[in-house]
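Structure first, commentary second.
The values are calculated or read from the model by the stated rules, or taken from the named source; none is laboratory data. Keep in mind that what you see is a predicted model, and the values were worked out from it rather than measured. Backbone-built Cβ (ideal geometry, glycine too); neighbour counts: all protein chains shown.
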Ligand SMILES: [Zn+2]
C-alpha cells in the first residue's frame with residue numbers, strides 16, 4: 001500500500017477538521033482509515049471464505065497455520081463491549097461453522113478461536129475480529145498459558161467480585177467496561193476522539 005506522507009501543518013489542519021466532525025462523520029473517517037473496512041468494502045483484495053449481512057471471513061495472509069481465518073463484523077467496532085448482543089452471537093455462530101468446515105475440509109484436528117480484546121490482551125487491529133485457527137498436533141503453534149498458584153482466599157475474593165459485577169445474569173449492555181484499544185476512539189475533552197498522535201499513526205506519518 002502507498003504510504004501517505006503528511007507535514008506537521010497538514011496534520012494540524014486535519015486535526016482541526018476532525019474536531020469539527022459530527023459523530024457520523026467521525027465514524028466515516030475512522031472507516032476510511034481502517035484496512036479491514038476497506039476489505040469489507042471490496043476496495044482491498046482478500047480471499048473471502050464466508051460472508052453474510054453481519055460478518056465477513058477472510059484468510060489471514062500471514063497465518064499461524066494455513067487456513068487461519070479472520071472473522072470480522074461488517075460494522076466497524078473496535079472492541080467487544082461496543083458490539084450489540086445479536087451481532088456478537090452471530091460472530092460466534094459463524095466461528096462455529098468455520099471451525100466445523102476446517103475439521104471437515106482441511107484435515108484440522110482441532111481449532112482455536114481467539115479474540116484479543118484490548119491492547120493488554122495483544123489486540124493489534126483496530127477493527128474487532130475473531131481468529132479461527134486450524135490446528136494439528138505438533139504444528140508449532142503454542143499458546144502456553146501459565147498456571148499460576150493462588151491461595152484459596154484470593155480465588156474466593158476474585159470470584160466474588162466477578163459474581164457481583166455480573167449481578168447473577170449476563171448483562172444486556174456492558175458498554176461501561178473500559179478497555180484500552182489500539183486506536184483511541186473515546187471522546188476527549190475538546191475533540192471528538194482522535195488526537196494528533198492517533199492521526200499521525202493512522203496516516204503512517206512518522
Ligand atoms: Zn474497520
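Taken together, 31, 43 contain a single residue that is touching a helix residue (DSSP H, G or I) at 6+ places or on another chain (Cβ under 9 Å), surrounded by 12 or more Cβ atoms within 10 Å (Cβ to Cβ) and over 24 Å from residue 137 (Cα atoms), which is 31. Does segment 67-81 contain any residue that is loosely packed, with under 13 Cβ neighbours inside 10 Å and more than 24 Å from residue 26 (Cα to Cα)? The answer is no; no qualifying residue exists. Looking only at segment 124-148, residues that are assigned to a loop (DSSP other than H, G, I, E, B), in contact with a strand residue (DSSP E or B) (Cβ under 9 Å, 6 or more places away or on another chain) and either on the phi > 0 side of the Ramachandran plot or within 16 Å of the ligand (Cβ to nearest atom) (or both) come to 3 in all. Screening residue 10 with (1) within 16 Å of the ligand (Cβ to nearest atom); (2) over 18 Å from the mean Cα position of the chain (by Cα); (3) in a helix (DSSP H, G or I) gives one miss only, at (1).
The single condition from (1) surrounded by 11 or more Cβ atoms within 10 Å (Cβ to Cβ); (2) farther than 30 Å from residue 104 by Cβ; (3) modelled with pLDDT of 95 or more that residue 149 fails is (1).
Scanning segment 96-120 for residues that are assigned to a helix (DSSP H, G or I), touching a residue at least 40 places away in the same chain (Cβ under 8 Å) and surrounded by fewer than 16 Cβ atoms within 10 Å (Cβ to Cβ) gives 97, 119, 120.
Residue 66 meets the conditions (1) within 16 Å of the ligand (Cβ to nearest atom); (2) part of a loop (DSSP other than H, G, I, E, B); (3) touching a strand residue (DSSP E or B) at 6+ places or on another chain (Cβ under 8 Å) in every case but one. The failed one is (1).
If the condition is being more than 14 Å from the ligand (Cβ to nearest atom) and either assigned to a strand (DSSP E or B) or within 17 Å of the chain's Cα centre (by Cα) (or both), then segment 19-53 contributes 48, 49, 50, 51. Among the conditions (1) closer than 26 Å to residue 29 by Cβ; (2) not in a helix (DSSP H, G or I), the only one that residue 87 does not satisfy is (2).
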